[in-house]
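Scroll down for the structure; my scribbles are underneath it.
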Amino acid sequence: MKVLIVGAGGREHALAWRLRKSPSLSQLWVAGGNAGTAAIATNLPVNPEDVEAVASEAGALRADLVVVGPEVPLALGLVDRLSSLGIPAFGPSAAAAQLESSKSFALEVMREAGVPSPWFRVFHDQSEALAFIDGHAGPLVVKADGLAAGKGVFLCAAREEAAAAVRACMSQGVFGAAGEAVVLEEMLEGPEVSVFAFSDGEHISSLAAACDYKRLLDGDQGPNTGGMGSYAPPLFWDSALAGKISRTVMQPVIQTLAVRGIPYRGVLYAGIMLTKEGPKVLEFNCRLGDPEAQVILPLLEGDPLELMLACAQGRLAQTPVRWRDQPHVGVVITSGGYPGTYQTGLEITGLEQAVADTHVFHAGTRLVPGEGRAKVVTSGGRVLTVVGWGDSLEQARAAAYRRAQGISFQRAYYRRDIATAGVARTRPSA
Ligand code: AMP
Ligand code: GLY
């Protein structure tokens, strides 16, 4: 089978790496891609966010399956376009992807499905939002309603902060159209976990879980980022918790969307906070997480291509999904300055060194011609995810850091505390 992956990050390199192990795969292309995917697939110079270009490429290649990595092409309707051309795709339709692209849609679906979540109010009018804040005591979370690349969430302890966040969204236009509506939400506390289920629109798979480290600096300090590291499975993850989240979150949401006539096919990602009153959903994403994919795809047993086709074709009930539980730790190496401005084009050295029980997934990298052979240089903020594994979390972590130490480029930066016991067990809510 011929497969086209869409996207250019660490998640897409991990998808390509995992799909390469499928016995049914014959050819693999990546629309976008990076220096890592170039080594195991054919990169195509197609913008992953250009729906028409990706769809016509998929048609020209006669792809048997298109696997969509990031949220933007899903929200723009890539899967709808492919299905109108008769090309199977792994990922939800634009209507179902609103679970991620519209926070208010997600909250309404959760209310209808009876999924535990923080209380919230949606506002389209700034003065009404400000009046609500005036009349409210206690902390609040302010969220821009649309896609804001992870930056549209403000944890506000005080009223003035919440009011400033509302103004930034609604009158200062900091997030453009994504901030025309805002959600004001209860602030929750507890450890956070990213939970994943495959779905064919009706059935869901057994769940996988990972912890993601969003803040830039050790000890969960500094600004939010796309993700600085991850580990799986979480220390607190067990079959009782998985069963509870499956029954109270994943199944009801999939059923509600099916009843609404917009079946969800692909992988559903719930960002969950384990509060004293039980698991509550902070957000849904319509794709695998990055850097969560880099630590959970190695745990997926069986043929990934068969699984993704089963999701696309409504055959998941006949396709059992099993996850291994060997500890995996992912450390993200970033360009100095990220998530602010940073330099690109810097040569990366040490990528070829062999370190047992490790693997390097590329994100912001590209190949440039060098003397004799091509060089790998940086091309983005998050550059690499170094994954280590072992019999214990400690061993997995040590392996990942051993490998990371041998890789260098100017101003390379990574957190030193990914999956350390203290941080791994209890994560602050911000
Ligand atoms: P998001 O961009 O929606 O993933 O949110 C970014 C981060 O903000 C989450 O990972 C949480 O740590 C935090 N967050 C979002 N909503 C809440 C909430 N209602 N209570 C506490 N923390 C939250
Ligand atoms: N690591 C968080 C995300 O992919 O949204």
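The values are calculated or read from the model by the stated rules, or taken from the named source; none is laboratory data. Just so it is clear, the structure is predicted and the values come from calculations on it, not from any experiment. Counting neighbours? That spans all protein chains shown, and the Cβs are built from the backbone with ideal geometry, glycine included.
Data for the structure
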item: From 287, 265, residue being under 30 Å from residue 341 (Cβ atoms), basic (Lys, Arg) and in contact with a helix residue (DSSP H, G or I) (Cβ under 8 Å, 6 or more places away or on another chain); result: 287
item: Contacts under 6 angstrom Cβ, first residue in region 232-250 being surrounded by 19 or more Cβ atoms within 10 Å (Cβ to Cβ), partner among the charged types (D, E, K, R), 6 or more apart; result: 233/325
item: Top-ranked residue in region 290-317 [being farther than 14 Å from residue 250 by Cβ and touching a Gly at 6+ places or on another chain (Cβ under 7 Å); ranked as nearest to ligand 2 (Cβ to nearest atom)]; result: 290
item: Selection count, region 385-419, where residues are part of a loop (DSSP other than H, G, I, E, B), in contact with a helix residue (DSSP H, G or I) (Cβ under 7 Å, 6 or more places away or on another chain) and free of Cβ contacts under 8 Å to residues at least 60 places away in the same chain; result: 0
item: Hits in region 319-369 (condition: modelled with pLDDT under 95 and within 30 Å of residue 262 (Cβ to Cβ)); result: 319, 320
item: Residue within region 291-310 that is among the small types (Gly, Ala, Ser) and part of a loop (DSSP other than H, G, I, E, B) present; result: yes
item: Filtered residue count, region 181-218, keeping only those that are more than 10 Å from ligand 1 (Cβ to nearest atom), over 26 Å from residue 340 (Cβ atoms) and either charged (D, E, K, R) or surrounded by fewer than 18 Cβ atoms within 10 Å (Cβ to Cβ) (or both); result: 3
item: Number of positions in region 205-256 that are of a type outside the set (A, V, I, L, M, F, W, C) and outside any loop (DSSP other than H, G, I, E, B); result: 19
item: Residue 178, sole failed condition from (1) surrounded by 21 or more Cβ atoms within 10 Å (Cβ to Cβ); (2) at pLDDT below 90; (3) away from ligand 2 (no atom under 15 Å from the Cβ); (4) in a strand (DSSP E or B); result: (4)
item: Count of region 7-18 residues which are touching a helix residue (DSSP H, G or I) at 6+ places or on another chain (Cβ under 6 Å) and buried (at least 24 other Cβ atoms within 10 Å of the Cβ); result: 5
item: Within region 86-167, helices (runs of 4 or more DSSP H) holding 1 or more residues that are under 22 Å from residue 199 (Cβ atoms); result: 94-101, 103-113
item: Residue that is farthest from residue 44 (Cα to Cα) [pool: residues in region 343-376 that are free of Cβ contacts under 8 Å to residues at least 60 places away in the same chain and either crowded, with 22+ Cβ neighbours inside 10 Å or among the β-branched types (Val, Ile, Thr) (or both)]; result: 355
item: Subset tally (residues that are under 16 Å from the mean Cα position of the chain (by Cα), within 23 Å of residue 319 (Cβ to Cβ) and either within 14 Å of ligand 2 (Cβ to nearest atom) or not in a strand (DSSP E or B) (or both)) for region 188-204; result: 3
item: Condition met for residue 177 (closer than 9 Å to residue 144 by Cβ and out of contact with any Ser or Thr (no Cβ under 7 Å at 6 or more places or on another chain)); result: no
item: Residues that are farther than 17 Å from residue 352 by Cβ and more than 23 Å from the chain's Cα centre (by Cα), drawn from region 366-398; result: 369, 390, 391, 392, 394, 395, 398
item: Qualifying position, being crowded, with 19+ Cβ neighbours inside 10 Å, of a type outside the set (Lys, Arg) and out of contact with any His (no Cβ under 7 Å at 6 or more places or on another chain), among 130, 107; result: 107
item: Candidate set: region 151-180, residues that are in contact (Cβ under 8 Å) with a residue 40 or more places away in the chain and of a type outside the set (Asp, Glu); chosen: the one farthest from ligand 1 (Cβ to nearest atom); result: 171
